[in-house]
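**Student:** Dropping the structure in here first, questions after.
Laboratory data are not the source of any read-out in this text; all were calculated from the coordinates shown. In this text the structure is predicted, and so the values were computed from the model without any measurement. Methodologically, a virtual Cβ is constructed for each residue, glycine included, from the backbone with ideal geometry; neighbour enumeration extends over all protein chains shown.
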Number of protein chains: 2
Amino acid sequence: MDPRISIVTLGVSDLARSTAFYRDAFGLPLLADKSSDGISFFEVNRGSLWLALYPRHLLAEDAGVEDRPGSFAGVTLAHNVRSKADVQALFDAVVRAGARPVKPPQDVFWGGHSSYVADPDGFLWEIAFNPYSWIE
Amino acid sequence: MDPRISIVTLGVSDLARSTAFYRDAFGLPLLADKSSDGISFFEVNRGSLWLALYPRHLLAEDAGVEDRPGSFAGVTLAHNVRSKADVQALFDAVVRAGARPVKPPQDVFWGGHSSYVADPDGFLWEIAFNPYSWIE
């Protein structure tokens, strides 16, 4: 696995409020052409990392975990790879190496191909191919 | 505020186990000279971001929040600045702009100067001067 975090996603209770907060209070640059009423992306670290805001219950649903404090931190870290085949290969490799499989690789509604694994504390990593973003 | 996340810190229940997991299962490069028995740092995104592992109860203590699921996600995002004075100036600015103050700027035991604010969902951002790391 390349040492890379592509996206830090915060699961928020009010997307419009949090988007305004990060844009106005923190002054982060909203990626308007990538964002929508349903998700917000901000470009940080000179474009090498995105901060995403997504409704918390939908983030839990995307990972296939229960949206309960204690079982879901409300934060995910995404590691994007270059192809669907790379998602499967990396998912298999890290699960063999000890990561807990949470969601096997599958196509997702937004056009990507995504999987989730968990670290020993249950922190979620999404391993995904996202045809709309590639950050290296 | 410059659009920058310097460090993503995961509050873990067993530091040795999680350090082994990220080093061996994920293959992340441990910054051995920056890490210790008490904290682990990994360099990601070509050196522009660190992933830190720190005992969860100590991370909560550092921020001055209760270590309870629901009130503490177990993750913090650090935004490092260049001086103690910059910590105070940025803390004041984001609090004026609507961030919730959690811990006012103060010297901390490891030699830095640190503060915490929270976003609308309580996600914690550390605004800090760290004389031992500067990533831009």
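**Student:** Determine the calculated [θ] at 222 nm for the protein assembly as shown from helices alone, applying -39500 (n - 2.57) to every DSSP H run no shorter than 4 residues and normalising by the residue count; nearest 500 deg cm²/dmol.
**Tutor:** Dividing the helical sum by the residues of the protein assembly as shown leaves -5500 deg cm²/dmol.
**Student:** I would also like to ask the following. Report the relative contact order of the range A:54-134, percent, no decimals, based on alpha-carbon pairs under 8 angstrom and at least 6 residues apart.
**Tutor:** 33
**Student:** So, one more: On a straight-distance basis, which lysines could pair with B:Lys84 in a cross-link, Cα separation under 16 angstrom, same-chain partners fewer than 8 positions away excluded?
**Tutor:** B:Lys103
**Student:** Shortest first, in nm, what separates the label point of B:Phe109 from those of the same position in the other copies (7 Å along Cα→Cβ)?
**Tutor:** Result for B:Phe109, in nm, nearest copy first: 4.8.
**Student:** Kindly give the distances from B:Gly47 to its copy-mates, label point to label point, with each label point 7 Å from Cα along Cα→Cβ, as nm values to one decimal ordered shortest first.
**Tutor:** Relative to the other copies, B:Gly47 has label-point distances of 2.0 nm.
**Student:** A follow-up question, please. Considering only DSSP beta bridges with both partners in chain B, what is the antiparallel share in %, to the nearest 5?
**Tutor:** Among the beta bridges of chain B, antiparallel pairing accounts for roughly 65 percent.
**Student:** Using unit Cβ charges (K, R positive; D, E negative) and no other charged atoms, how large, in debye to the nearest 20, is the dipole of chain A about its Cα centre?
**Tutor:** 140
**Student:** Another question, if that's okay. How large are Rg and Dmax for the protein assembly as shown when calculated on the C-alpha trace, in angstrom?
**Tutor:** Cα radius of gyration and Dmax of the protein assembly as shown are 17.4, 49 Å respectively.
**Student:** Let me check I've understood the local charge: for B:Leu59, count other residues with C-beta under 11 angstrom from its C-beta, Lys and Arg +1, Asp and Glu -1. What total comes out?
**Tutor:** Residues close to B:Leu59 contribute a combined charge of -3.
**Student:** Output the Cα-based Rg and Dmax of chain A in Å, rounding Rg to one decimal and Dmax to a whole number.
**Tutor:** Values for chain A (Cα only, Rg and Dmax): 14.5, 43 Å.
**Student:** Could you tell me which chymotrypsin sites (Phe, Trp or Tyr not before Pro) in the range B:1-99 are loop residues by DSSP with no more than 14 other beta carbons within 10 angstrom of their beta carbon?
**Tutor:** Sites meeting the loop and neighbour criteria: none at all.
**Student:** Also, quick follow-up: In nm, one decimal, shortest first: how far is the label point of B:Ala16 (7 Å from Cα along Cα to beta carbon) from the matching points in the other copies?
**Tutor:** 5.2
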